[in-house]
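Engineer: I'd like to ask some things about the structure below.
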Amino acid sequence: MTILRLALIFALISPGFAQVSVKVPLSYYLPTGAAYDPAIPTPEAFFGFQVGERHLQPDQIHAYFRALDKLSDRFAIEEMGRTHEHREIILAVVTSPENHGNIAKIREEHLRLSDPSASAPDVEHMPVVVWMGYSVHGNEASGSHASVLVAYYLAAARGPEIDALLGATVVLLNPSINPDGLNRFASWVNANRGAVVVASPDSREHNEPWPGGRTNHYWFDLNRDWMPLQHPESRARIERYYEWRPNLLTDHHEMGTNSTFFFQPGIPSRNNPLTPPGVMQLTQRLAEFHAKALDATGALYYSGESYDDFYVGKGSSYPDITGGVGVLFEQASSRGHAQESSTGVLTFPYAIRNHVTASLSSLRGAQAMRVDLLKHQRESAFSALKLADQAPVKGYVFGSKSDPVRTQLMLDVLLRHKIEVRRLSKTYRDGGEAFESEFGYVLPARQPQYRLVTALFERRTSFEDSLFYDVSAWTLPLAFGVPYAEVRGSVQEYAGEKVGTAVIVSGRFTPAQNAVAYALPWQPTFAPRAVERLLEAGIQVRIAVRSFDASTSSGPKAFGPGTVVVPLGIQGEKRGEIENLLTTIATSDAVVADAVATGMSDNGVDLGSPNLLSLKLPKVAILAGSGVSAIDAGELWHELDQRFGIPVVLIDPASLGRVNIGAFTVLVMPGGNYSALDSAGCASLIRWVEQGNTLIGLEQAIEWLVSHRLVGASIKKRPEAKRDEVPPPRPYALENEYRDARNVPGTIVNGTVDLTHPLLFGYDRPTMALFKSSGLVLEMSKSPFATPVRFTDNPLIAGYLHTDTRSLIAGGGSVQVNTMRNGRIIVMTDAPTFRAFWYGTSRIFLNAVMFGQIIRTSSTRPMQ
Ligand SMILES: [Zn+2]
């Protein structure tokens, strides 16, 4: 053997430089012994390379599915919807040609299973419905690639085995749940792949740039949006979900490179207690099919650990409480094409193969357990009614007179979940609260969706386990900030007609010849969008910081703090333009604009008062880039951009020292680590604030602001254990439980608010449900006027809090204003627009953006 040859062999086995093949034959992926129809193109024939050799873009995957649709009488493709970036989202309905010929009837019979009022269909002779969803996290791409091979197998395999499978099942393939994220990821790994594949974890290929491909366009985790339904991907999916009500739903993910393969069941003690017991048994039986199939390939795997189905907004949890069974699969990630791991080089084809294997074992399991899965669906509809009959809460009443838009937005979510909602037939009183029939709705607990209704409305505070994979509470009316009440007596007497759709009623505007000004209340959800339109058009707007009563064209009216006043006399020739814009605002933003005939108010401040402050158009930048939490930044970006039409410039923290920061008046620092913000950036930020601008720092950004002395706020600390006090010994195995139980897993807590503060304009209740997304709590400011949102002394409303954490939060500050010279720094300890459905607190953030400029700097000075 020559020295040269020895060196070559060394290079091949040396870690980091080993040549790795990612080219595999089709037989590597698919079951042995099957015959395939030559008329169906293999993925390799279609793409010009084998699956796993390069990363497929969603449009390539969809093109292949469309080709199968043309060539195979087992396939029917529909476009479910479009993503934010207008990519199509598709669903393939795959079943036997005979079933396709009868598909409308099959679907109609299938839906009868979930309807206790319908006669029972014959489960012995019905196909089972299996939904297979791939790569909701776009950078967990082995799932979507597996779907291509599963599709080929289902279209091309020939013989009695596949005929029996397709006769017994209707398979719904959703090859890419998150095409925008998959596109970002595929572009990155393909662009950084050499002709020779390398497996070094240090390669750019395996280290995506911020924000990565996990999330959707606005950096939301779509595997948390099954419940809030705030994104087009989720809305398209839920519509098809209820068109089919699958018996089994598979959810294909990736996890750390050094792990193996996971399938559910997860941790039993962390299952949502509303889950019917049958789900666990069925999941366990399915697990035997996965284990057997993976044993045959020699793959390592595990179940019963790591993951849980507590939060109902995840793909594997949602089906469990809506009549089906959801199963999570997690495969060790190769990220790019191949990567060194603790068990050797993990190739992309290997990762893909495990998801193909689990997909096919799921189908075989569903085929074998068909009748039991169908019976389970029927039984869960009936047991839901039985549980409702036994439950003390017979239903819920909800609705808000002061902001009917938020009520409709919440109603819309309920209706998308196929929850039965009825109009309120007469006034319902609950303690001091009166729900008027015009603005109210009733949700009877006794309905097939009882479990979901309960999951969305309950306020659970006791748990079997103190650790959570995701949040511990999500009570829908608290998130939307819509008043609600539990009904323990008869619901029937309040239940009016069934509601079909949510309708946002237009506002109202009529131009008046004698008007000196128009006044718009600040309560309506989309009032900030109205103000943005006015300011963008160069119209002068004044904000009343005190209330006043005025005679309007529709009679005398009380206007609260935050009222938007558009004076006409000082705007030159713009009267016509203003009136046209207010007409648009009334319809598009659901805001009422009243004509005021005189500047002299009946009560309170007059229209020329120094308590009406002129407002400037905010020019907003959000720091987004390496170190910043993409999820947190995305929520804020989405809120301003999508909901309120406010232009947002996204700036990388590392370049802050070099940009023209003077072009902005509001700068937002989402939660994250700002070590990338250099001294030039920090200095320029300080100068900019001092000039009178508004900086908004959220969650962990507060730690950076405090350590760089931009704010005088201090973060509340836990009472430290005494230095000489040695803790008692604890079992090694329980370390995680002891260490992590003090974390805040995402919990709903109670806050007290100062309704006179500009950050709270538009609110009308002295307390507010807040989502605690971080462990941060502020010490109260030395100025008594500068902490307008603080936690109450007994803060827990819903979810889990360790007793130590409860006392840390009690009485602490949540939102605080600081000043530097002429500028304001507003800090918020938690995410105000959490997962885009926390409309209840998102206004505080909008107020910070819009009204930060009018907060008196003197209000933050300590009392002498
Ligand atoms: Zn995932």
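Engineer: Only bridges whose two residues both fall in the chain count here: according to DSSP, what percent of them are antiparallel, nearest 5? Write down the numbers at each step before the final one.
Structural biologist: On the way: 77 of 115 bridges.
Beta bridges within the chain, antiparallel portion: roughly 65 percent.
Engineer: Looking only at segment 620-860, where both bridge partners belong to it, what percent of the DSSP beta bridges are antiparallel (to the nearest 5)?
Structural biologist: Numbers: 22 of 38 bridges.
So the antiparallel bridges in segment 620-860 amount to around 60 percent.
Engineer: Output the antiparallel fraction of DSSP beta bridges having both residues in segment 594-695, as a percent to the nearest 5.
Structural biologist: 10 percent
Engineer: Right, next: Reachable lysines from Lys772, Cα under 25 Å, same-chain residues fewer than 8 places away excluded?
Structural biologist: Lys314, Lys716, Lys717, Lys782
Engineer: What are the semi-axes of the equivalent ellipsoid of segment 620-860, taken as the square roots of 5 times the eigenvalues of the Cα gyration tensor, listed largest first and rounded to whole Å? Don't skip to the end; give the middle numbers.
Structural biologist: Values: eigenvalues 176, 89, 64 Å².
Equivalent ellipsoid of segment 620-860: 30, 21, 18 Å, largest first.
Engineer: Please compute the net charge surrounding Pro179, taking Lys and Arg as +1 and Asp and Glu as -1 over other residues with Cβ under 13 Å from its Cβ. Don't skip to the end; give the middle numbers.
Structural biologist: On the way: positive: Arg82, Arg87, Arg184, Arg237; negative: Asp59, Glu79, Glu85, Glu88, Asp180, Glu233.
Residues close to Pro179 contribute a combined charge of -2.
Engineer: Assign one of three labels to segment 235-286, namely rounded, prolate or oblate, based on the Cα gyration tensor with a ≥ b ≥ c the square roots of its eigenvalues; rounded applies when a/c is under 1.5, prolate when it is not and a/b is larger than b/c, and oblate otherwise. Don't skip to the end; give the middle numbers.
Structural biologist: Values: a/c = 2.10, a/b = 1.23, b/c = 1.71.
Oblate is the answer for segment 235-286, as a/c is 1.5 or above yet b/c matches or exceeds a/b.
Engineer: State to the nearest 20 debye the size of the charge dipole of segment 63-152 about its Cα centre, where the only charges are +1 on K and R beta carbons and -1 on D and E beta carbons.
Structural biologist: Numbers: 8 positive and 13 negative charges, 47 e Å.
With Lys and Arg at +1 and Asp and Glu at -1, about 220 debye.
Engineer: Please find the FRET efficiency linking Met863 to Ser609, where r is the Cβ-Cβ separation and R0 is fixed at 22 Å, and quote it to the nearest 0.05. Don't skip to the end; give the middle numbers.
Structural biologist: On the way: r = 26 Å, r/R0 = 1.20.
So the FRET efficiency works out to roughly 0.25.
Engineer: Moving on. Return the long-range amide H neighbours of Ile651 (sequence gap of 5 or more, or a different chain), with a cut-off of under 5 Å between placed amide H atoms.
Structural biologist: Ile622, Leu623, Ala624
Engineer: Where the convex hull is taken over the Cα atoms of segment 395-498, what is its projected area averaged over directions, in nm²? Provide the component values of the computation, followed by the final result.
Structural biologist: On the way: hull surface 29.2 nm².
Spelled out: convex hull of the Cα atoms, projected over all directions, averaged, 7.3 nm².
Engineer: Write down Rg/Rh for the chain, rounded to two decimals, with Rg from the C-alpha atoms and Rh from the Kirkwood relation over Cα pairs.
Structural biologist: Numbers: Rg = 29.2 Å, Rh = 29.4 Å.
Computed over Cα atoms, the ratio is 0.99.
Engineer: What list of ³J(HN,Hα) values in whole Hz, one per residue of segment 191-198 in order, does the Karplus curve 6.51 cos²θ - 1.76 cosθ + 1.60 (θ = phi - 60°) give from phi, with Gly and Pro shown as x?
Structural biologist: Going residue by residue, I get 5, 10, 8, x, 4, 9, 6, 10 Hz, with x marking Gly and Pro.
Engineer: When the distances between all Cα atoms of segment 208-336 are binned every 5 Å from zero, what whole-number percent does each bin get?
Structural biologist: Here the calculated profile for segment 208-336 is 2, 10, 18, 21, 19, 16, 10, 3, 0.
Engineer: Now for a separate question. Would you give the gap between the C-alpha center of segment 333-400 and the C-alpha center of segment 185-242, rounded to a whole Å?
Structural biologist: So the two Cα centres are separated by 20 Å.
Engineer: Turning to a different aspect of this structure: Under the rule of -39500 (n - 2.57) per DSSP H run of 4 or more residues, summed and divided by the residues of the chain, what mean residue ellipticity at 222 nm is obtained, to the nearest 500 deg cm²/dmol? Don't skip to the end; give the middle numbers.
Structural biologist: On the way: 23 runs with 261 residues, N = 864.
Roughly -9000 deg cm²/dmol at 222 nm, from the helical runs in the chain.
Engineer: Moving on. Where does helix 839-851 land angle-wise versus the long Cα axis of the chain, in degrees 0 to 90, nearest 10?
Structural biologist: For helix 839-851, the angle is close to 50 degrees.
Engineer: May I ask you to evaluate 6.51 cos²θ - 1.76 cosθ + 1.60, the Karplus curve with θ = phi - 60°, for each residue of segment 296-308 and list the ³J(HN,Hα) values in order in whole Hz, giving x for glycine and proline?
Structural biologist: Per residue, the Karplus-derived 3J(HN,Hα) values read 5, 8, x, 6, 7, 7, 7, 8, x, 9, 6, 10, 9 Hz.
Engineer: While we're looking at this one, here's another question. Choose one of His708, Leu623, Ser773: the residue whose Cα lies farthest towards the positive end of the charge dipole of segment 620-860 (beta-carbon charges +1 Lys, Arg; -1 Asp, Glu; about the Cα centre).
Structural biologist: Positive-end residue among those listed: His708.
Engineer: Can you divide the C-alpha Rg of segment 517-615 by 2.2 N^0.38 Å and report the result to two decimal places? Numbers along the way, then the final one.
Structural biologist: Values: Rg = 12.2 Å, N = 99, 2.2 N^0.38 = 12.6 Å.
Rg over 2.2 N^0.38 Å, computed on Cα atoms: 0.96.
Engineer: Whole-Hz ³J(HN,Hα) for each residue in segment 44-61, computed from phi via Karplus 6.51 cos²θ - 1.76 cosθ + 1.60 with θ = phi - 60°, x for glycine and proline: what do you get?
Structural biologist: With the stated coefficients, segment 44-61 comes to 5, 5, 6, 8, x, 7, 6, 4, x, 6, 9, 7, 7, 7, x, 5, 5, 4 Hz.
Engineer: Another question about this same structure. Using 10 Å bins from zero, what percent of all Cα-Cα pairs in segment 314-381 falls into each bin?
Structural biologist: 18, 35, 25, 16, 5
Engineer: Multiply the residue gap between Glu464 and Ser306 by 0.36 nm, knock off their C-alpha separation, and tell me the result in nm, one decimal place. Walk me through the intermediate numbers first.
Structural biologist: Details: separation 158, 0.36 × 158 = 56.88 nm, distance 1.61 nm.
So the extension gain works out to 55.3 nm.
Engineer: What's the Cα-based Rg to Rh of segment 668-746, Rh via Kirkwood? Could you put the intermediate results ahead of the total?
Structural biologist: Working: Rg = 18.4 Å, Rh = 16.0 Å.
Using only Cα positions, Rg/Rh for segment 668-746 is 1.15.
Engineer: If you average the sequence gap of Cα pairs under 8 Å that are 6 or more apart and divide by the length of segment 620-860, what percent do you get for the contact order?
Structural biologist: Values: 485 pairs, mean separation 53.2, N = 241.
It comes to 22 percent, rounded to a whole number.
Engineer: For segment 75-115 and segment 486-507, compute the distance between their C-alpha centroids and round to whole Å.
Structural biologist: A separation of 31 Å, based on Cα centres.
Engineer: Let me ask something else about it. By its C-alpha gyration tensor, with a ≥ b ≥ c as the square roots of the eigenvalues, how is segment 39-195 shaped: rounded for a/c under 1.5, else prolate for a/b larger than b/c, else oblate?
Structural biologist: Working: a/c = 2.65, a/b = 1.69, b/c = 1.57.
It comes out prolate by the Cα gyration axes.
Engineer: List the lysines whose Cα lies under 23 Å from the Cα of Lys394, skipping any in the same chain that are fewer than 8 positions away.
Structural biologist: Within the straight-line cut-off, Lys394 pairs with Lys386, Lys418, Lys426, Lys498.
Engineer: Compute the helix-to-body angle for 370-390: its Cα long axis versus the longest principal axis of the chain, expressed 0 to 90° and rounded to tens.
Structural biologist: 30 degrees
Engineer: Taking other Cβ within 10 Å of each residue's Cβ, how do Thr787, Thr260, Thr525 sort, fewest first? Working shown, then result.
Structural biologist: On the way: Thr787 24, Thr260 18, Thr525 27.
With the fewest neighbours first, Thr787, Thr260, Thr525 line up as Thr260, Thr787, Thr525.
Engineer: I need the calculated FRET efficiency for the pair Ser714 and Asn102, taking r as the beta carbon distance and R₀ as 60 Å, to the nearest 0.05. List each step's numbers first, then the result.
Structural biologist: On the way: r = 69 Å, r/R0 = 1.15.
Efficiency at R0 = 60 Å is approximately 0.30.
Engineer: Further, regarding this structure: If I histogram all Cα-Cα distances within segment 3-385 using bins 10 Å wide from 0, what percent of pairs lands in each bin?
Structural biologist: 5, 25, 34, 25, 8, 2, 1, 0, 0
Engineer: At a 10 angstrom cut-off on C-beta neighbours, averaged per residue, how do the peptides 647-655, 700-708, 98-106, 669-677 rank from highest to lowest? Provide the component values of the computation, followed by the final result.
Structural biologist: Details: 647-655: 17.1, 700-708: 19.2, 98-106: 13.8, 669-677: 22.0.
Descending packing order for the listed peptides: 669-677, 700-708, 647-655, 98-106.
Engineer: Now a separate question. Of all alpha-carbon pairs in segment 455-559, indicate the percentage at a distance above 22 angstrom. Don't skip to the answer; put the middle values down first.
Structural biologist: Values: 3300 of 5460 pairs.
So the pairs more than 22 Å apart make up 60 percent of the total in segment 455-559.
Engineer: In terms of the Cα gyration tensor, with a ≥ b ≥ c the square roots of its eigenvalues, is segment 786-864 rounded because a/c is under 1.5, prolate because a/b exceeds b/c, or oblate?
Structural biologist: On the way: a/c = 3.12, a/b = 1.43, b/c = 2.18.
It is oblate, given that a/c is not under 1.5 and a/b is not larger than b/c.
Every read-out reported here was derived from the displayed coordinates using simple, explicitly stated rules and does not represent laboratory data. Note that the structure is a prediction, hence the values are computed from the model and not measured. Don't worry about glycine lacking a Cβ; one is built from the backbone with ideal geometry, like all the others, and counts go over all protein chains shown.
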